[in-house]
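Here is the structure we will look at, set down as structure tokens.
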Amino acid sequence: MGIAVAGTTLVNGLYVPHALASRFGDLPVIDIPSPHLTKLVLKPVMTNMYHTAEWEGPCRFNVVSSEEEKKRALNGFSSFSDRLKKNDFALDLMNVELKDPSLLLFVEDFKLNEADLKKLDKEMTDADAIFMDPSGSSKAAFDIAVRYKKPLVFSWGLNCRIVDISAYCRSLGLEAFTPNSTKETNEILALLRARKVFTRTRILYPTNWGWPSVASVAGINEPEKLKEQFGIELVTITYDDLSREMEITRESRDEWKKAEEMAAIVYENAEHAFLDKKYVVRSMQFYNTIIRLMKKHDCNAFTIECFEFCSSRLPQKWEITPCLIHTLFKDMGIPSACEGDLAGLLSMHMLMSLSRKSSHLGNMFYREEGKMEINHSVPGTKMNGFDQDPLPYQLGRFVEGGWGTKAVVDFTDNEEKSVTVARMNPTATGLLVLKGKLVGSNGYNQDLRGCSVSAYIVGKESGTADEFMRKQADYGNHLVWVYGDYAAEMEKLGELLKIEVVTLS
């Protein structure tokens with residue numbers, strides 16, 4: 001269930017920040033488990049040793065009785081357990097779910113007891129990583145790494161035993177991490193959590209076309225390989241499936257009422273609206289339809305190909321575009337991308353997992369003096385953090401006919417100006433990252449049609465995005481960005497996922 005801390009609410013069996021419980025004021029919480037509510041399940045384990053008799057030798061220079069030695073080992077475990085309960089290790093409990101600690105004792109044969117290991121087997125079934133106190137010897141901790149093949153994160157700082165265990169584990173392809181501070185420990189745990197989130201992605205994609213998307217051919221066009229590479233699954237449904245579900249929503253009096261109530265919240269919390277509220281109702285109907293389909297197919301991410309969708313004439317029939325639901329999903333930590341672009345969606349997923357912030361995705365345009373414009377009408381409002389106040393937003397219309405609800409924000413009306421931009425390549429083997437600076441924004445206080453919410457970004461150090469934009473010829477169009485500098489974290493997460501990361505500034 002997770003550990004309750006101040007300022008949290010129980011949602012979907014996890015304690016999450018109060019601010020995560022709703023979006024756009026008081027929208028109801030949806031019961032799709034957000035990937036970004038996922039925690040890393042950490043199993044603390046201590047190994048320790050006592051001898052069965054008294055003798056002196058090269059490993060024993062302060063001899064005590066067996067009883068006293070065992071008592072000291074048990075006291076050591078009691079202290080370890082107390083420190084975990086008090087969180088003396090200062091673990092970030094918003095990222096981590098701690099299981100109860102276990103102690104494995106051994107004697108001078110240096111073999112772990114099989115009965116103890118069988119008890120530990122049950123505890124390890126849902127654990128993602130091991131928080132290891134390797135008292136007694138190196139071999140015991142190594143044996144645990146071999147048996148469970150889960151990352152070891154050591155509770156001690158760097159010393160002779162830690163590097164010994166780590167080197168042997170790594171030489172055999174086992175993961176061992178050697179943090180030397182609380183900060184490093186939490187950084188490692190955050191990266192492991194982000195990898196877990198990424199590899200448990202299940203994407204809903206309504207399409208009759210398939211791949212490549214007509215306007216995003218540099219997306220990932222062999223999705224079956226995502227399963228092989230990362231465990232990521234893609235669930236496709238037909239437009240007939242989508243239409244049937246949407247018509248249920250449109251024909252149900254209860255669904256109409258729910259959409260109207262939700263639209264009122266979205267509309268009334270906007271600073272200004274350039275469209276009639278009835279079109280927001282239409283968008284909330286589509287939002288609720290997609291939620292039901294995601295629940296039905298056990299999905300936690302979403303994309304739809306805008307050009308195929310437009311050609312079906314369903315958007316005109318329903319008076320909607322996907323823009324608003326992309327914003328709403330991202331603000332709940334659910335990756336949601338335009339144009340069936342899986343590379344854009346997975347870039348978004350990595351950035352949002354690490355930053356715990358909503359994002360903006362858009363087309364790239366080369367502007368004067370190497371300034372890069374990123375333009376699409378899908379900004380997040382929780383771009384300062386899922387647990388922070390949202391950015392002010394307006395509501396715009398996508399088409400001349402007055403419908404197609406989209407959120408509009410002024411990106412520059414925010415204290416943070418550092419940004420991180422990312423784009424994955426078409427084979428999901430490489431990631432291009434920019435350490436950037438926000439220098440402009442467009443779309444706010446304007447009644448603009450189409451994709452018209454723009455951020456203008458340059459490299460933080462170079463003052464230009466020229467080199468980055470040129471390198472996009474190897475990566476593709478859609479760019480995702482978040483506030484803050486997460487370039488180093490993206491490089492480390494890329495290493496864990498075996499994705500080559502190229503960073504520019």
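Nothing in this text is a laboratory measurement; each read-out follows from the coordinates by a stated rule. For clarity, every value in this text was computed on a predicted model and none was experimentally measured. In this analysis, Cβ positions are derived from the backbone assuming ideal geometry, glycine residues included, and neighbour counts consider all displayed protein chains.
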Give, rounded to the nearest 20 debye, the magnitude of the charge dipole that segment 39-195 has about its Cα centre when Lys and Arg contribute +1 at Cβ and Asp and Glu contribute -1 at Cβ. 420
Only bridges with both residues in segment 39-195 count here: give the DSSP antiparallel percent, nearest 5. 5
Taking Cα centroids, how far is segment 360-424 from segment 183-230 in Å? 22
Largest first and rounded to whole Å, the semi-axes √(5λ) derived from the alpha carbon gyration tensor of segment 39-195 read 26, 16, 15
Work out the P(r) tail for segment 407-496: percent of alpha carbon pairs separated by more than 19 Å, whole number. 44
Charge dipole magnitude, Cβ of K and R +1, D and E -1 - segment 447-505, Cα centre, debye nearest 20: 180
With an 8 Å cut-off on Cα pairs and a minimum separation of 6 or more residues, tell me the relative contact order of segment 220-322 in percent. 24
Given a cut-off of under 8 Å on Cα pairs at least six residues apart, what relative contact order in percent is computed for the chain? 13
With all distinct Cα pairs included, what does the Kirkwood hydrodynamic radius of segment 346-458 come out to in Å, to one decimal, could you say? 14.8
Length-normalised contact order of segment 39-195 in % [C-alpha pairs under 8 Å, at least 6 apart]: 29
Compute the length gained on full extension between residue 214 and residue 64: take 0.36 nm times their separation in residues and subtract their Cα-Cα distance, giving the result in nm to one decimal. 46.4 nm
Given unit charges at Cβ for Lys, Arg (+) and Asp, Glu (-), the dipole magnitude of the chain about its Cα centre in debye, nearest 20, is 360
Can you sort 398, 89 from fewest to most other Cβ atoms within 10 Å of each residue's own Cβ? 89, 398
Helix 342-355 versus the longest principal axis of the chain: what is the Cα-based angle in degrees, 0 to 90, to the nearest 10? 50
If you take the charge dipole of segment 200-504 about its Cα centre, with +1 on Lys and Arg Cβ and -1 on Asp and Glu Cβ, which of 283, 432, 418 is farthest toward its positive end? 283
Under 20 Å from the residue 307 label point (7 Å along Cα→beta-carbon), backbone N, segment 344-366: 344-346, 361-366
First measure r as the distance between the Cβ atoms of residue 111 and residue 418, then evaluate 1/(1 + (r/R0)^6) with R0 = 60 Å and state the FRET efficiency to the nearest 0.05. 0.70
For a footprinting-style exposure proxy, rank 478, 36, 272 by other Cβ within 10 Å, fewest first. 272, 36, 478
Tell me the label-point distance for the pair residue 122, residue 495, using the 7 Å Cα-to-Cβ offset, in nm and rounded to one decimal. 3.8
Quick check: pseudo-label points 7 Å beyond the Cα along Cα→Cβ at residue 316 and residue 298, how many nm apart are they? 3.9
Given pairs 382/406; 277/330; 118/196; 257/406; 86/357; 183/417 and cut-off 19 Å on Cα-Cα distance, the over-length ones are 277/330; 118/196; 257/406; 86/357; 183/417
From Cα coordinates alone, what are the radius of gyration and Dmax values for the chain in angstrom? 25.7, 90
With unit charges on the beta carbon (Lys/Arg positive, Asp/Glu negative), name the residue among 344, 324, 370 whose Cα is farthest towards the positive pole of the charge dipole of segment 200-504. 324
Extension gain residue 248-residue 446, at 0.36 nm per residue separation less the Cα-Cα distance, in nm? 67.8 nm
Using alpha-carbon coordinates, inclination of helix 239-251 to the longest axis of the chain, degrees: 70
Beyond 23 Å between alpha-carbons counts as too far, so tell me which of 437/492; 99/119; 122/492; 111/150; 258/295 fall in that bin. 122/492
Distance (nanometres) between label positions extended 7 Å along Cα→Cβ at residue 227 and residue 167: 4.2
Exposure-ranked with fewest Cβ neighbours within 10 Å first, 470, 193 stand as 470, 193
Among 359, 265, 134, pick out the residue whose Cα is farthest towards the positive end of the charge dipole of the chain, where Lys and Arg carry +1 and Asp and Glu carry -1 on C-beta, about the Cα centre. 134
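Calculate how many DSSP beta bridges within segment 200-504 are antiparallel, expressed in % of all such bridges and rounded to the nearest 5.
Approximately 65 percent, going by the DSSP bridge assignments.
What value in Å³ per residue do you get for the convex hull of the alpha-carbon atoms in segment 176-219? Walk me through the numbers on the way to the answer.
Values: hull volume 5.3 nm³, N = 44.
For segment 176-219, the hull spanned by Cα atoms encloses 120 Å³ per residue.
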